[in-house]
Every structure is written in structure tokens, then in C-alpha cells.
Amino acid sequence: MTTRIFIASAEGHTGKSTVALGVVELLQRRATRVGVFRPVARTTQERDYVLELLLAHSSAELDYDTCIGTTYERVHNDPDGALDEIVTRFAAVEAASDAVVIVGSDYTDIGSPTELSFNARVAANLGAPVLLVLGGRQQDGASARTPDELRQVAEVTRAELRAEHAGLLGLILNRADPAHLDEAVAAIESGFDVEAERVPVWAIPEDPVLVAPSFRTIVESLDARLIRGEEALLDREVLGTVIAAMSLENVLPRLLEGAVVIVPGDRSDVLLGTLLAHESETFPSLAGVVLNGGVEPAASIQRLLDGLGSPLPIAAVGTGTFDTAVGITRTRGRLAADSARKQDVALGLFERSVDGEALANRLDLAPPSVVTPLMFEHGLLDRARADRQHIVLPEGDDDRVLRAAGTLLQRGTAQLTILGEEAVVRARAAELGVDLSDAAVISPFDEQLRQRFAEEYARVRSHKGITVDQAADTVTDVSYFGTMMVHLGLADGMVSGAKHTTAHTIRPAFEIIKTKPGVSVVSSVFLMALADRVLVYGDCAVIPDPTSEQLADIAISSAATARQFGIEPRVAMLSYSTGESGTGADVDKVRAGTALVRERAGDLLVEGPIQYDAAADPTVAATKMPDSAVAGRATVFVFPDLNTGNNTYKAVQRSAGAVAIGPVLQGLNKPINDLSRGALVRDIVNTVAITAIQAQGSER
């Protein structure tokens, strides 16, 4: 039977979508197909942004319209008919899912006092236990609720659920006062008057980022026009409002980090001063400027702004100062699908505050029988988080790296050091709305480290005649600097390559880190996440035409990498013939490599030479190699050369829809990994998690 969970609240603005997102991500770890369902859509005038957010994170093959039950209008006019429609439409979602997260209504302007009761009826009729979300603040948002007020709200809400025969799975207090979490939980728990009624209670503290609107949302709500600025910076959260209707010397002390500044359109002096303050290291970084009054800068001022080249977004609106300020303060933040930072913050808060294992056990979710790409990626983050390692990211001048760093820090995946000039890196991160407060930022020209690294590099490369003076120039290169950090134990691993070639990234590792004992070459694998399992492909990125000895190294290293990531290694040494059927130099090379693997790693299951179909397909294997322990069941595929490996992994990636994670470098004494220069933020996050797991293995 499909696992179901109904997320409901007793009122609006509880941050229920934060909890829903956390539950969807939690279920992805245990269920192959996780669907989402909205019994009552927020509105028919535009798409439901909560549903769109959750669909972007779900894994069931469901479109937006299928996941909507009915409308508010239908609920008000014909509640029984609306309930029938919801139950009928839910059947399609259930059929396509192994687990479904059902998100209750949002108490919009057309909500009613009976809205919770209707949600409870829906939950009971769908057979879904309720995860109840309570808001930690008063509905006006002005003040936190006292513990006694929270107890009373919980008691009234539970009574309504019982009246409609809806089962209570657990209770989450969201947007709670961070200073009084334990007292709030204790007060709510005290309201359970019988032992049998007790359910787990968790509290998620309020975070200002989650309730803050983005500058883009403010521009849209004011019906303003963006007149200049960088598009990528519009999604930064606005953490305050400053009205700059006075002289510049009085405006400057009032500027706030992440604020939107309202400037009269005819005050070009204040506008220019505000932009200069934003670019200065001595003033806060701003989210944007709104020019009000329907006046825009004169042509001469526009030309001056062009020369300044500030990326800070500037919008113009026709309303006066008062109406503009009121419009901004009334704009509510939302956990939208396009706000990566908010999603990271929400997931981080959920993971730290809610016992996911206990919640999953209450849902009685069975362990998965397959491993999907999403499950594998979640598993990487979980394993990295369980034993946090220190990873250095040399490319602090790349926005993708900064965004990935923000995600990694919010999710607690790794401790990070970013290379670059600290003022520049942190200023750019602030503009992007990325929180790097928990990361170290180090200049590769730091004199103390530069001298230490130069002396060590000169020692390591003394056989090449490298002097300390020569080394002092070399180690300021970010790849060398980061590698030296790993070499000297100042970091556990390095990830680079978003802006540099593979050779530039790994050459320092060859020179400094060097290979593990018994391994003659550095090679690579891709972790190929197919629809139901994960395979290991090597080598697809480093060695163009490996010898028999190098093939054996690749096979043994790839098997070790597979074990690190929970994959039982069964190694197929690939060729264009299977068994003894073929001859020729290429087949003989694979045959000799297979023999070396058996000699050096006698306990490893290996077969070769073998064709890909015989290695992967049990039916073909039954014909070609019926007695093999590997044929038809291979998990590690070793290609005879780079040309074959690289093309095969890309063909499988494109034609089978596999997620290719890598390349993962192997054979080094300490983990260094390379990124594609086209890497997405998600790729960087995964590679850092992989590097952290490799570092955990190195420690052991």
C-alpha cells in the first residue's frame, strides 16, 4: 500500500511548506516514487507555487494538474462534492507513487473557521495520518506565542482532528522562538492528557531568511520596473527597509545588511552615495534600490551609473515614499521554487530539528529494494554529514562554487575553505544572497601560508631542482595552494575544475599528493545512477590507453571506490570479445590485465575479457558465460581505453537518462576531485560530498 502523510495547519502563515519540503526530501531516501498532492489549490488564477516547489523535489512521474484535487470555490459551495472529487483525483497520484505527501490548504483570504475541520475530513477519507504544523508566532507576526498559548492552540487543534477521526502522526512547532524551544515543546507535550494520545513533538526555530521576500518579489508586488542591475541578484532576500529621504550623511549610518533602500527619484546624490556604500567594504551589502515618485535619473547620471558598473538591482516605481514603503512591508516572503537559498535553509533547519528516522519509522516505511539517483544523492549527503570533513574549494571567483558552498554549509555537509581575496569573495556571496559565514576564506597570497607552502613544495620537488623562490611563485596558483593545504593536513580534500582544466586541477596532486602504495597510476570513475541501481565506470577521464598493468590498477581502485559508496564490486574487464573467443592485441591486453587483478586481489570477483552485454544482461550471460559469478551481474565496468569509456558513459547518460556523478579520481593518497567546466551547482555539491566520503575512508 502507498505510504501517505497529510501535512496540515490550524491557521495561515505557519511555514507549512518548509515542513512539506523536508518531508518530501526525507521520503526520497526510502521510497522510489514520492508524489505530492494538493487537495485544495491556493488559487485558480495562477499556479500554486507550493505545489510547484514540491513537484521540483518529488520523484514520481506526475504533472501539475494531476496533483490538484479541487478549488476553494468548490469546497465552499459543495463541500461533500469537493471531498468526492478530491478522493477520486487522489487515486491517480496514489497509483503513480510509493509514498505521497499531501499538503493541506493555506487559509487564504477566502478561508473559513471550518477549514481545519475540512482538512481533517480529507485526511481521514484519504487514510493519511496528519503531521500537524503549529505557528510559533501570533498571526500578525509581531510577537512570539507564549508556551501556554501554544499549548492551548495545540489542544484545540487536536480536538478538531479527533472530531473528524483523523489520526495524529506528530506535531511540529514551526517559526518557534529560538531562545525558548525546549519550553515550547514541553508546554505542548503537557497538553496530552492520556498516555495513548502522546505523539512526538518537534520545534523548528524561526529564521529571518525564510520569512523575507526576495527583491524580485518586491519589484513584482510594487509593479515596479527594473531599470538596471544584474538579473542573478534579484533573488536575494530583503532583510530590512531603509527610507533614504534625507541627506546622504544621515542615510549612510542607517543602511542595513540585505536591505532595500527607497530613494526619491530626483535625489541622484543619495542614489550615487548608496551605490558607492554598497560597493565599499566599510558599509553593509544591500539587496536593491527602489526609486520612487515616478522620476528616473537624468541622462548624465545614467552615464555615470554606467561607468560605476554596479550590479546592484535598481527599480523605479511611480508611487510616493509612504505608499512604496507600505507596499514593501506588506510583501510576504515565500518558499518559492526559484529560491535556492531558502530551500537550503529550510532543509537544513528541518534536518537539524526533526528526528527524520523517528518520523519515517512512525510511517512504517520499508527499506527500499532499489537505489534511484535521488536516493543515491541523498545518501551521499547523509554520509558526508555524518562525519564532516574539511574540503577546500580553490575557485572562489565562480558564482556556481559560491552557491554550492552555501548549500553545503546550510545542509551541514562539510567544513569549507574557499580560496580568494576575502573581501571580494564575501561581497560577491552577499550580492548572491549566499551565507558564507561558516566558511573560511583564504587568499592564495597569504604570506604566512605562502612561505610555509613554498618551503614544503621545494622540498617535495627538490629532485627537479625547484628552489624556494621558484616555489613561492608556484604555490600562489589556486590549484597548487589548495593541494598544499590537503598535503599538509590543513584540509581533508579538494574540489576544483569549474574554471580550470583537468590537467590544471590534478597536476599538483601528481607532484605533491602522489599515489597510494601499490598503485602506479591515478585513474577515475563515474558513478552512474540508473533508474534502479548505481554502477561504476572506469576509466573515463584520465588515462588514454592503459597498459595491462594500468588496467589492473584501474580495476582494483574502482572496486575499492565502489565499496566506499556501498556498491558490492563485481568487476567486468570489458573488450570486444568474451572469454576465449577472441584474439588480438587489444583482447590480449584485457586478458593480461584480468590475470593481474586475480593475482593481486584474489578475493575480488572479476571477469574478463567480457563484452558489455554479457556483463550487464543476465540473459546474454546465461548463453556466453553461464558459470560466471560476474557475468550478467557486474557492478564495476573497466573499459579498455579512454575513447571507449568516455563515449560509453555519455551514451548511457543521454540515452538511458542516467545521472553521471564524477569524474571521481582514485589512487591518490588524499582525495582531490575534478569538476567539469560546465558543472552545475548540484554537480559541485555532489562532488564535495563524494570527496568528503573519500576523506572519511582515508582517515580509517
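Summary of computed values
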quantity	calculated
Charge dipole magnitude, Cβ of K and R +1, D and E -1 - the range 246-347, Cα centre, debye nearest 20	420 debye
Point-charge dipole on Cβ atoms (K/R +1, D/E -1) for the chain, about Cα centre, debye to 20	1240 debye
The chain - percent relative contact order, Cα under 8 Å, separation 6 or more	11 percent
In the range 11-75, GluC sites (Glu not before Pro) in a DSSP loop with at most 14 other beta-carbon atoms within 10 Å	Glu46, Glu61
Relative contact order for the range 430-493, counting Cα pairs under 8 Å that sit 6 or more residues apart, in percent	29 percent
Spin-label pair Lys650/Glu249, simplified geometry with 7 Å Cα→Cβ offset, distance in nm	6.4 nm
24 Å Cα-Cα threshold exceeded, pairs from Lys499/Lys670; Lys342/Lys499; Lys514/Lys650; Lys16/Lys342; Lys342/Lys670	Lys342/Lys499; Lys514/Lys650; Lys342/Lys670
Charge dipole of the range 273-350 about the Cα centre (unit charges at C-beta), most positive-ward option of Leu305, His278, Ala346	Ala346
Angle between the chain longest axis and helix 79-95 axis [Cα atoms, degrees, rounded to 10]	10 degrees
Charge dipole (the chain, unit charges on Cβ, about Cα centre) - positive-most of Val424, Gly127, Val100	Val424
The range 17-53-the range 616-683 distance, computed between alpha-carbon centres (Å)	33 Å
Calculated Rg/Rh (Cα atoms, Kirkwood Rh) (choose from (1) 1.04; (2) 0.97; (3) 1.02), label	(3)
Placed amide H near Leu173: partners under 5 Å, 5+ positions off or other chain	Leu134, Trp202, Ala203, Ile204
Estimated dipole of the range 167-282 in Debye, rounded to 20 [Cβ of Lys and Arg +1, of Asp and Glu -1, Cα centre]	480 debye
Extension reserve of the Arg461-Asn361 stretch, reckoned as 0.36 nm per residue once the Cα distance is removed	30.5 nm
Contact order relative to length of the range 529-686, as percent, for alpha carbon pairs under 8 angstrom and 6 or more apart	31 percent
For the range 265-317 and the range 533-578, distance of Cα centres in Å	57 Å
Full-extension gain in nm, Tyr576 to Thr501, via 0.36 nm per residue minus C-alpha separation	23.8 nm
Acute angle (nearest 10 degrees) that the helix 340-353 long axis makes with the longest principal axis of the chain, alpha-carbon atoms	90 degrees
Nearest-ten-degree value, helix 585-600 long axis tilted from longest Cα axis of the chain	80 degrees
Among Pro147, Ile556, Gly584 the positive-end extreme of the charge dipole of the chain (Cβ point charges)	Gly584
Contour excess over end-to-end distance, with Cα ends at Arg682 and Glu183 and 0.36 nm allotted per residue	175.8 nm
The range 148-226: trypsin sites (Lys or Arg not before Pro) in DSSP loop, at most 14 other beta carbons within 10 Å	Arg198
Per residue, in Å², the accessible surface of the chain once ligands and nucleic acids are set aside, probe 1.4 Å	41 Å²
Loop-located chymotrypsin sites (Phe, Trp or Tyr not before Pro) in the range 388-479, at most 12 other Cβ atoms within 10 Å (DSSP)	Phe445
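The values are calculated or read from the model by the stated rules, or taken from the named source; none is laboratory data. Just so we're clear, the structure is a prediction, and the values are computed from it rather than from any experiment. Don't worry about glycine lacking a Cβ; one is built from the backbone with ideal geometry, like all the others, and counts go over all protein chains shown. Ligands, DNA and RNA are stripped out before the accessible areas are found, and what is left, the full protein with its side chains, is counted by its heavy atoms. Shrake-Rupley method; radii C 1.70, N 1.55, O 1.52, S 1.80 Å.
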